[in-house]
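Have a look at the structure below, then the notes.
The values are calculated or read from the model by the stated rules, or taken from the named source; none is laboratory data. Keep in mind the model is a prediction, meaning the values are calculated, not measured. So basically every Cβ, Gly included, is an ideal-geometry build from the backbone, and we count neighbours across all protein chains shown.
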Amino acid sequence: MGKFLLGVIVAVVVLILCALGFALLGFLPTPANVEPASYERHFAMSAVDASMERHAPRLTNPLTPTDQNLEDGMKLYTMNCALCHGGLDRKPSTLANSFYPPPPNFISDPPDDPEWHTFYTMRTGIRYSGMPAWDKTLSESDMWKITLLLSHMDKLPPAVQDYWKSNFNAAPVTSDEEKKGEEKHDHP
Ligand code: HEC
């Protein structure tokens, strides 16, 4: 029994040393300008979602979707998120293909997660990805306004849709478009 245990311990130590050697001898790739393999993307996204489920507090948005809050959300989104997640003008985002994993485009494919999930992702960021933590940059109320916008993209009140059209020279998201985005997620 003692010999068996020793064998297991030696095997584990050798495996750890091999993994360390593999990394320290430069075998791990670093480029961020390539597409992750689909198995890697699925595994990573499932792990990120499971971690959010475990850690994120189930907070309720303290703000209501008034025209003012949604329009403030648009301004804040444009200033802080559009660079990576796509602008309300619907032009491709500057950094759309420059991260590993790439940032999802929220204008053509808004997140369908609960608000507490989006808020937590924004507040804490996503480690080992290009997604920053915003808790040191944005106030809680600003983050809730952006969350409101993201969860109401396909059901904006008419006045806010007009605001979008006249300020960003593009049409707001429709619910058809959101459905298409969901299908894309389910069958990549
Ligand atoms: C510098 C680029 C960058 C900026 C700026 C940025 N993000 Fe991200 N974001 C990313 C990347 C890259 C990912 C993908 C991370 C992953 O897949 O693990 C991401 C992922 C996310 C996700 C998770 C999406 C999902 O499918 O679960 C949310 C939510 C999010 N970002 C919200 C925001 C919001 C809101 C802002 C603005 C306050 C913002 N991000 C600003 C790069 C950025």
### Query
P101 fails exactly one of the following numbered conditions: (1) over 17 Å from S151 (Cβ atoms); (2) surrounded by fewer than 18 Cβ atoms within 10 Å (Cβ to Cβ). What is the number of that condition?
(2)
### Task
Return the total of residues in the stretch 101-126 being part of a loop (DSSP other than H, G, I, E, B), near the ligand (Cβ under 6 Å from one of its atoms) and touching a Leu at 6+ places or on another chain (Cβ under 8 Å).
2
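When you look at D135, is it more than 9 Å from the ligand (Cβ to nearest atom), touching a Pro at 6+ places or on another chain (Cβ under 7 Å) and either touching a residue at least 24 places away in the same chain (Cβ under 8 Å) or of a type outside the set (A, V, I, L, M) (or both), yes or no? Before you say what the answer is, go through the steps one by one.
Working: more than 9 Å from the ligand (Cβ to nearest atom): yes; touching a Pro at 6+ places or on another chain (Cβ under 7 Å): no; either touching a residue at least 24 places away in the same chain (Cβ under 8 Å) or of a type outside the set (A, V, I, L, M) (or both): yes.
No, not satisfied.
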### Query
Can you tell me which residues in the stretch 82-95 are in a loop (DSSP other than H, G, I, E, B) and more than 19 Å from Q161 (Cα to Cα)?
P92, S93, T94, L95
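Does S98 meet the test of being part of a helix (DSSP H, G or I) and either of a type in the set (D, E) or more than 24 Å from A159 (Cα to Cα) (or both)? Outline the logic, then answer.
Numbers: part of a helix (DSSP H, G or I): no; either of a type in the set (D, E) or more than 24 Å from A159 (Cα to Cα) (or both): yes.
No.
Helices (runs of 4 or more DSSP H) wholly in the stretch 1-81 with at least 1 residues that are within 16 Å of the ligand (Cβ to nearest atom), at negative phi and at pLDDT 95 or above - which ones? Let's see the steps before the verdict.
Values: elements: 2-24, 38-55, 67-80.
Once the helices (runs of 4 or more DSSP H) in the stretch 1-81 are filtered for at least 1 residues that are within 16 Å of the ligand (Cβ to nearest atom), at negative phi and at pLDDT 95 or above, what remains is 38-55, 67-80.
Out of all the residues in the stretch 123-179, which are β-branched (V, I, T) and at pLDDT 95 or above? Break it down into steps so the answer makes sense when it comes.
Just the residues of the stretch 123-179 that are β-branched (V, I, T), to begin with: 124, 126, 137, 146-147, 160, 173-174.
Answer for the stretch 123-179, where residues must be β-branched (V, I, T) and at pLDDT 95 or above: T124, I126, T137, I146, T147, V160.
Table: residues versus (1) exposed (fewer than 10 other Cβ atoms within 10 Å of the Cβ); (2) within 23 Å of G125 (Cβ to Cβ); (3) not aromatic (F, W, Y).
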| residue | (1), (2), (3) |
| --- | --- |
| L17 | no, no, yes |
| F22 | no, no, no |
| G26 | yes, no, yes |
| N33 | yes, yes, yes |
| R41 | no, yes, yes |
| A44 | no, yes, yes |
| S51 | no, yes, yes |
### Query
Which pairs do you get when a residue that is closer than 27 Å to H117 by Cα, found in the stretch 25-50, comes within reach of a residue that is more than 11 Å from the ligand (Cβ to nearest atom), reach meaning Cβ atoms under 9 angstrom, with the pair 6+ apart or on two chains?
S38/P188; R41/E35; R41/P188; H42/P188
### Query
List, please: which pairs have Cβ atoms under 7 Å, are six or more places apart or on different chains, and start with a residue in the stretch 103-121 that is farther than 16 Å from G86 by Cβ and modelled with pLDDT of 95 or more and end with one that is part of a loop (DSSP other than H, G, I, E, B) and charged (D, E, K, R)?
W116/R58
### Query
Based on what the data block shows, is S129 under 30 Å from A37 (Cα atoms) and either within 12 Å of the ligand (Cβ to nearest atom) or small (G, A, S) (or both)?
yes
